[in-house]
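Please read the structure below before turning to the comments.
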Amino acid sequence: MKKLLSITIFGLLTMGTAQAQDKGGPIKIGVSAGVTGPYAAFGVQVKNGVSQAIEDINKAGGIKGRPFEPIYGDDASDPKQGVSIANKLAADGVTMVVGAFASSVSIPASDVYLDAGIVQVTPSSTNVKFTERGMWNTFRTCGRDDQQGVVAGAYLADHFKGKRIAFVHDKSSYGKGLAQETQMTLKAKGAKEVLFEGVNPAEKDYSALVSKLKSANVDVVYYGGFHTEAGLILRQMRDQGLKATLVGGDGLAPKEFVQIAGDGAEGTLMTFSPDARKNPNAQPVVAAFKAKNIDPDAYTLYAYAAVQVLAKAATETGSIEGKVLADWLHQGKTIETVVGPIVYDKKGDLTRPDYVIYAWKKGADGKIDYAGNELAP
């Protein structure tokens, strides 16, 4: 009873704040991005994308004359801290949030946002569970792990026939989920892995894992997780003479992956969405980033698009109430964004997600990058 009363009081307080916002003045928009912690590279991308979008929208007159006022929260890519940030943003009276980066943060935080009547758009949380719980407030501008896993699993089955494939994951919602989705597709195509292993993230020594991979005589290592651990595992694989090809998901996308892995990063394969920096409609935005010496790679433009989605809903409905915005987004209207046109289904997922295979290759400048290195399916 006491918990129910506290939730009711909290709801009334946040509703009152939202109603005060509706009367005019700046529109508060929450941003949950882990700009510190193990995956800060991604958090900075989210913050950069949101900041530039808000700057551009405000310069253009805001939402019917009302500017966006961002309220940033550093969740450090930690689930507990992410929930704390969610509660803080709700107490600050936001009715819309961009973030978080990690699925392990976005999923528990979404429950807080739901109770507070806040619509949430993540630019990067790909775990299936985020939009599979029948909640009205969850949306994303990226694809899902079951879609990404189909592309990866099919590629492994078609291009590594008869090869010994190992799966390694970081035990996170994202990493394990992506590895399992890829594994299921591989099995559906008649192939089978020789090893499925979980590791503890944030460790520095993965020599025991590498020894196990060598003993299994693997040709391919599929890694479900982020660039920091993937880079360390790959470097230690090469140091121990294991020449197996590393394959991973969008968690490998930051350029820091190469800095960690070293020259051994060349030849790594990765699933990710088509490069949004090549979208003709994104060129003015890309130029604005480059003028600030920022490369809008990986999820930067997806975060920009998340703000565009919320701005469009607010403009079309004339409201900033979370449920009203969500109801409009669920109608399946086309929203033009820097990552291309976005249309949502009833779950809050994109109706036309795309994933392609990239190869990290050394360019003429001697740098290893995946940009421009898309492979045929």
*Starting from residues that are crowded, with 24+ Cβ neighbours inside 10 Å and either touching a Phe, Trp or Tyr at 6+ places or on another chain (Cβ under 7 Å) or not acidic (Asp, Glu) (or both), keep the ones in the stretch 69-89 and report whichever is nearest to residue 320 (Cα to Cα).*
89
_With the requirement that a residue be buried (at least 19 other Cβ atoms within 10 Å of the Cβ), assigned to a strand (DSSP E or B) and of a type in the set (A, V, I, L, M), what does the stretch 336-365 give you?_
342, 350, 357
_Selected residue [part of a helix (DSSP H, G or I) and at pLDDT below 95] from 7, 57_ = 7
*Among the strands (runs of 3 or more DSSP E) confined wholly to the stretch 192-285, which include 1 or more residues that are over 22 Å from residue 126 (Cβ atoms), in the same structural domain as residue 156 (by TED's automatic domain parsing) and in contact (Cβ under 8 Å) with a residue 24 or more places away in the chain?*
195-198, 245-248
*Here are 313, 298, 305: which of them is at positive phi, surrounded by 23 or more Cβ atoms within 10 Å (Cβ to Cβ) and not hydroxyl-bearing (Ser, Thr, Tyr)?*
298
*asked:* Can you find, within the stretch 16-34, the residue that is farthest from residue 104 (Cα to Cα) among those that are at pLDDT 80 or above and part of a loop (DSSP other than H, G, I, E, B)?
replied: 25
*(1) out of contact with any helix residue (DSSP H, G or I) (no Cβ under 9 Å at 6 or more places or on another chain); (2) surrounded by 14 or more Cβ atoms within 10 Å (Cβ to Cβ); (3) touching a residue at least 40 places away in the same chain (Cβ under 8 Å): which one isn't true of residue 289, the others all being true?*
(1)
*Check off (1) in contact with a Leu (Cβ under 6 Å, 6 or more places away or on another chain); (2) at positive phi for residue 270 and give me the number that stays unchecked.*
(2)
*Report, by residue number, each residue of the stretch 111-135 that is in contact with a helix residue (DSSP H, G or I) (Cβ under 7 Å, 6 or more places away or on another chain) and among the hydroxyl-bearing types (Ser, Thr, Tyr).*
113, 122, 124, 125, 126
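The values are calculated or read from the model by the stated rules, or taken from the named source; none is laboratory data. What you see is a predicted model, and the numbers here were worked out from it, not measured in a lab. In this analysis, Cβ positions are derived from the backbone assuming ideal geometry, glycine residues included, and neighbour counts consider all displayed protein chains.
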